[in-house]
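Asks: Below you will find the structure I want to go over with you.
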Amino acid sequence: MGTSSRWMWAAALLAPSTWAAQVAADVPFTLVDNRVFVAATLNGVGPFQMLLDTGAGNIGISTATMLAIGARNEGGEEISGAGEKTATVVKTHLRSLRIGAAEMRDLPTLAHTFGALNDVIGFRRFDGIAGAAVFRRYVVDIDFERSRLRLIEPDGYEAPPGAIVVPFTEYDGSIPLVDGIVAGVPGKFIVDLGDRSSLTLFGPFWRAHRLDAALAPGVEALTGYGVGGPIRGVVVRVQRFAFGAAEAGAIVARLSLQSSGGFADPAIAGSIGTGVLKHFHTVVDVARHRFVLEPRPRFADRYDRAGLWLGRDGARFKVFDVVAAGPADQAGLRTGDVVTAIDGHKAESLDLFSVRERLRDPAANEPVLIDYRREGRTARAEVRPRDLLPGG
């Protein structure tokens with residue numbers, strides 16, 4: 001989703017010093033579309049699935065969630081985000097937000113329909129966003145290996161011996177901001193758990209340093225959807241990205257093509273998303289303005305091998321983007337086609353995110369049969385996946 005702050009919108013063996021701190025919550029999380037979702041109760045009602053987001057300055061909830069918990073409408077507000085347009089939200093308050101045994105009270109909150117997110121990203125439901133209020137209150141420990149989230153009282157927490165400590169300042173009042181280097185060029189990068197990508201380079205930065213040439217070849221595509229609309233970019237492979245003393249390799253990055261909104265901000269170089277953070281056991285320690293990172297075994301990011309962005313059209317799928325000269329384009333699929341079945345399985349019976357994983361899988365080289373409807377006619381496309389970027 002790649003929200004900006006204008007919405008703004010360990011594993012089993014941890015050092016004894018870490019365990020000395022009081023753990024307020026130790027709960028499972030689900031990684032959906034490269035985003036961390038955790039169950040929470042709001043105003044005593046729930047559970048609701050909340051996106052954990054360092055890029056959100058506020059708590060956010062869907063308007064459906066707002067109605068379900070009986071929160072009051074306190075007026076409207078215009079906001080902007082990663083997309084190029086603004087959006088209207090409703091101001092409200094949460095009496096209580098509880099994750100596990102950890103509870104926060106009287107939280108200013110914004111409510112939004114999130115309808116486009118459900119359609120383009122493909123969430124069956126999107127209940128809300130747990131933003132800066134959570135990170136200011138607790139040390140947030142994200143164990144990607146075990147899919148566990150711990151909320152730790154800041155007093156008494158110490159970094160495990162040997163961990164990488166990356167200091168940060170704050171951008172726009174709440175978003176962590178770190179020093180980074182990409183393709184030999186230094187810059188300031190926000191760290192945004194709400195960004196599904198590994199790394200996003202903002203237009204003013206990559207154009208000033210001609211990184212499109214340095215990181216070529218690239219693929220122009222729809223790369224996501226945020227507050228304000230679609231996010232287009234040139235997708236490239238970055239062999240090494242360093243931030244502070246940490247680094248990740250062979251990651252997929254996007255060069256933002258947005259002309260306005262958060263991803264066109266000239267003040268910073270770009271955004272580090274969950275795709276980079278999941279290379280580490282990640283601890284966000286806002287009280288001490290630092291990340292505490294323990295590297296996981298190295299792995300390379302995978303990019304879509306079909307040249308196709310599938311979203312939702314009710315219970316079925318819809319083509320929201322086709323990469324020029326990519327496999328889906330060559331098979332005859334077009335933006336707007338409604339997908340009714342994949343390999344003989346009705347779309348209603350399939351999980352969209354599992355389909356996307358299959359279309360990224362480098363081991364899946366068999367043709368994918370996609371039945372679709374266009375202007376009242378039905379047809380079948382035979383899509384032959386192939387690598388669109390070096391390294392997958």
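The values are calculated or read from the model by the stated rules, or taken from the named source; none is laboratory data. Everything numeric here is computed off the predicted structure, so don't read it as measured data. Note that each Cβ is placed from the backbone with ideal geometry, even for glycine, and that neighbours are counted across all protein chains shown. Side chains are part of the model used for accessible areas, which takes the heavy atoms of the whole protein and leaves out ligands, DNA and RNA. Shrake-Rupley method; radii C 1.70, N 1.55, O 1.52, S 1.80 Å.
Asks: What are the residues in the range 158-180 that are hydroxyl-bearing (S, T, Y) and under 21 Å from L97 (Cβ atoms), if any?
Replies: If the condition is that a residue be hydroxyl-bearing (S, T, Y) and under 21 Å from L97 (Cβ atoms), then S174 is the only one that fits.
Asks: Next question. I'd like to check something: does the range 292-313 contain any residue that is of a type outside the set (A, V, I, L, M, F, W, C), over 24 Å from L352 (Cβ atoms) and assigned to a strand (DSSP E or B)?
Replies: Restricting attention to the range 292-313, the residues satisfying the condition of being of a type outside the set (A, V, I, L, M, F, W, C) are 294-298, 301-305, 307, 311-313.
With over 24 Å from L352 (Cβ atoms) added as a condition, the list becomes 294-298.
Then keep just the ones that are assigned to a strand (DSSP E or B); that gives 294-295.
Yes, because at least one residue in the range 292-313 is of a type outside the set (A, V, I, L, M, F, W, C), over 24 Å from L352 (Cβ atoms) and assigned to a strand (DSSP E or B).
Asks: Residue check: is L107 out of contact with any Phe, Trp or Tyr (no Cβ under 7 Å at 6 or more places or on another chain), assigned to a strand (DSSP E or B) and either modelled with pLDDT under 95 or at negative phi (or both)?
Replies: Values: out of contact with any Phe, Trp or Tyr (no Cβ under 7 Å at 6 or more places or on another chain): yes; assigned to a strand (DSSP E or B): yes; either modelled with pLDDT under 95 or at negative phi (or both): yes.
So L107 passes the test.
Asks: Identify, from the list V338, V322, the residue that is of a type outside the set (S, T, Y), touching a helix residue (DSSP H, G or I) at 6+ places or on another chain (Cβ under 7 Å) and buried (at least 16 other Cβ atoms within 10 Å of the Cβ). Can you show your working first?
Replies: On the way: V338 fails: touching a helix residue (DSSP H, G or I) at 6+ places or on another chain (Cβ under 7 Å).
Matching residue, one of V338, V322: V322.
Asks: Sticking with this one: Considering only the range 256-267, I want to know if a residue exists there that is aliphatic (A, V, I, L, M), open to solvent by 30 Å² or more (accessible area, probe 1.4 Å) and in contact with a Gly (Cβ under 7 Å, 6 or more places away or on another chain). Full working, then the answer.
Replies: First, the residues of the range 256-267 that are aliphatic (A, V, I, L, M): 257, 264, 267.
Okay, now just the ones that are also open to solvent by 30 Å² or more (accessible area, probe 1.4 Å), so 257, 267.
After this cut, where a residue has to be in contact with a Gly (Cβ under 7 Å, 6 or more places away or on another chain) as well, the list is 257.
Yes; the residues of the range 256-267 include at least one that is aliphatic (A, V, I, L, M), open to solvent by 30 Å² or more (accessible area, probe 1.4 Å) and in contact with a Gly (Cβ under 7 Å, 6 or more places away or on another chain).
Asks: Just the residues that are surrounded by 24 or more Cβ atoms within 10 Å (Cβ to Cβ) and either touching a Gly at 6+ places or on another chain (Cβ under 8 Å) or modelled with pLDDT under 95 (or both), please, taken from the range 169-179.
Replies: Initial filter on the range 169-179 (surrounded by 24 or more Cβ atoms within 10 Å (Cβ to Cβ)): 175-176.
The answer is I175, and nothing else.
Asks: Do you know which residues across the range 342-364 are within 19 Å of D304 (Cα to Cα) and more than 27 Å from the chain's Cα centre (by Cα)?
Replies: D343
Asks: May I pose another question? Give all pairs with beta carbons closer than 6 Å in which a residue from the range 19-40 that is open to solvent by 40 Å² or more (accessible area, probe 1.4 Å) meets a residue that is assigned to a loop (DSSP other than H, G, I, E, B) and polar (S, T, N, Q); count only pairs at least 6 apart in sequence or on separate chains.
Replies: P28/S147
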